[in-house]
1. What number of residues within region 41-66 satisfy the criterion of being among the hydroxyl-bearing types (S, T, Y) and either more than 15 Å from the chain's Cα centre (by Cα) or assigned to a strand (DSSP E or B) (or both)?
2. Return the residue satisfying two criteria in turn: it lies in region 1-21 and is part of a loop (DSSP other than H, G, I, E, B) and closer than 27 Å to P75 by Cα, and of such residues it is modelled with the highest pLDDT.
3. Of all residues being within 18 Å of L5 (Cβ to Cβ) and among the charged types (D, E, K, R) in region 28-65, which is surrounded by the most Cβ atoms within 10 Å (Cβ to Cβ)? Just the residue, please.
4. Considering only residues of region 33-77 that are of a type in the set (S, T, Y) and under 21 Å from Y13 (Cα atoms), which is modelled with the lowest pLDDT?
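The values are calculated or read from the model by the stated rules, or taken from the named source; none is laboratory data. No experiment lies behind these values; they were computed from the predicted model shown. Here the Cβ is made from the backbone with ideal geometry for all residues, glycine too, and neighbour counts use every protein chain on show.
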Amino acid sequence: MIATLVPELESVYRDLHEDPELAFHEQRTAATLANRLRALGFDVTTHVGGTGLVAVLRNGWGPGVMLRTELDALPIGRLDHHRTLTFSGLHSLDLN
């Protein structure tokens, strides 16, 4: 079953990492994850602590599972050939 999800998960992974957002600015990242989790049947609460979210999968009585993740990118400075310092974001998540 997991193998069938890999292409879609990889697509979401690549999409989010092509447009990283810094701390407290993860609007698109949070919206993408919230929409994907809703499509999977989770009850999703957004704007938790600003840009966070909580997703609950209700499947009856019994033990639960919690997943916590960081959504923000790390600020990365880069000096180009014009000696101009620019900043962008970098997500540091690995599928391997």
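1. 2
2. E21
3. The selected residue is R36.
4. Among those residues, the one meeting the criterion is T69.
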